[in-house]
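Inspection log for the structure reproduced underneath, given as structure tokens.
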Ligand SMILES: [Zn+2]
Ligand SMILES: [Zn+2]
């Protein structure tokens, strides 16, 4: 069964087990984040984002495209680190020949700092994550026009008149809505400090207790819960979704460790992306 959490105004649904499979969907943004396994109800979503090409994040792509074909869906967009665009296209070409089916995608190669318009006022900005292969995180944001402080309080007719006269009354402001950072060292919080200000932050926390030290987590290019606890007062997010837990911990153990190790002020905004009871999916 899929896990689903309500993080601020956003629904995050899917499956995530570190090193095994991760695929999430945020319906309000019409995005799928990683495709470590093909999930039937994600096949209708036309924007797919790959954080990197490790199998637990990317190996379900061909099968998801197969489900899309069944549903007569068109060509999806696949946003991905620029370095993996050619090999992903090659892999899909091989799968197309193998399955005698068309697995066409429109790739959108991104580099850290690139901003891409998704529609209306919605944009995505790629940022660097820290993993031993080409990898990216994604910040979804709304770019809105905000009335400059000196004009606030003017009657609407006056604003319209000045606007018609060509006056610059508005500043463009980025509202950070939801960020996705997985398979990364905690260093991402230093190289991308805006993550602390994203309304919702989906962040990996692969290791959660002393069975793996912080150093061991770092050697595997992953994040340890204790590294988040050490920065607890920096998270200004409305909601924090922790995911990509190692299967070395049962879901209820993860919940217990998160409760024990994070201060209450942070814990009350944290959603543990894991089954509420029992075992991991599969
Ligand atoms: Zn992973
Ligand atoms: Zn990885």
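We did not get these values from a lab; they are worked out from the coordinates using the rules stated. All figures in this text were calculated on a predicted structure; none of them were measured in a lab. Please note: Cβ atoms are built from the backbone with ideal geometry, for glycine as well, and neighbour counts cover all protein chains shown.
For the reader, a short list of remarks on this structure follows.
- For the chain, a Kirkwood radius taken over Cα pairs fed into Stokes-Einstein (37 °C, viscosity 0.692 mPa s) yields D = 164 µm²/s.
- Reducing segment 111-183 and segment 187-254 to their Cα centroids gives an inter-centroid distance of 26 Å.
- Nearest-0.05 FRET efficiency for residue 213 and residue 264, computed from C-beta distance (R0 41 Å): 0.95
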